[in-house]
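The structure that follows is given in the form of C-alpha cells.
The values are calculated or read from the model by the stated rules, or taken from the named source; none is laboratory data. Please read these numbers as outputs of a predicted model, since none were measured by experiment. All Cβ positions, glycine included, derive from the backbone under ideal geometry; neighbour counts span all protein chains shown.
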Amino acid sequence: MPLLVNIPLTVAPLLVYNIIAYGLVGDFPGDPWVLPVMTVQLASAARWTMLLGDLMILSGLVFLFVEIVKATRVGSASVLDHILSALVFVIYLIEFLIVPSAASSVFFLLLVISLVDLIAGFTVTIHGARRDVAFGPNGPRLGRSLSNPSRNSFQFF
C-alpha cells in the first residue's frame, strides 16, 4: 500500500489520454478532444461548453494540486516521489516528441503540468529542508534544535 501513495497522480491523465487517443473506449469521429462533455446555460444567456480536452486539463490541474500537497511530506519516501515524477515527465516528453497522436495542445498542457509537478516537488522539498536549518551570528554549527528539543532534525545555530 505505501508504494501506491508514491505513484504520481499525473500519470492518470497520461493513461486516460492514451486510452482515448488510441480508441480503446471506442472510435471518435475526428479530433476527440473537441467533443462536448457538457453545456451550461449561464445567467447572461450565453452557453458555456466544456470539451473533453478541457476536462483532461482540469483533471491534470487537480492532480497537480494533490501532488504539490504530497510534496510537503518529509522522509525517504519523498525521494521515490521525485524519481517517479521525473519518470512520468520523461514519458510525457518522449511521447510528445515521437507519437503522432500526442501532438496536440491538450497533451502539451498535460506535459507542462507534469513539468510543474516535477519542479514544484523539488522546490517544496528543498524549501522544507531549509526550514530545518538555522544560521546564527557565529556561523553555521550542527547541533540539536533548541526551539523544539523533541524534533529529530538538526539545526545550524
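Can you find, within region 96-112, the residue that is surrounded by the most Cβ atoms within 10 Å (Cβ to Cβ) among those that are over 17 Å from Leu51 (Cβ atoms) and touching a Leu at 6+ places or on another chain (Cβ under 8 Å)?
Leu111
Then there's this: Being of a type outside the set (Val, Ile, Thr) and at pLDDT 95 or above is the filter here; which residues of region 87-101 pass it? Steps first, please.
Pass one, region 87-101, residues of a type outside the set (Val, Ile, Thr): 87, 89, 92-93, 95-97, 100-101.
Once the filter is applied, which keeps residues that are of a type outside the set (Val, Ile, Thr) and at pLDDT 95 or above, region 87-101 yields Leu87, Phe89, Tyr92, Leu93, Glu95, Phe96, Leu97.
Something else now. Counting only residues that are within 12 Å of the chain's Cα centre (by Cα) and of a type outside the set (A, V, I, L, M, F, W, C), which one in region 76-91 is surrounded by the most Cβ atoms within 10 Å (Cβ to Cβ)?
If we take residues in region 76-91 being within 12 Å of the chain's Cα centre (by Cα) and of a type outside the set (A, V, I, L, M, F, W, C), then Ser85 is surrounded by the most Cβ atoms within 10 Å (Cβ to Cβ).
Name the residue that is modelled with the highest pLDDT, counting only residues in region 1-39 that are in a helix (DSSP H, G or I) and farther than 20 Å from Leu51 by Cβ.
Selected residue: Val11.
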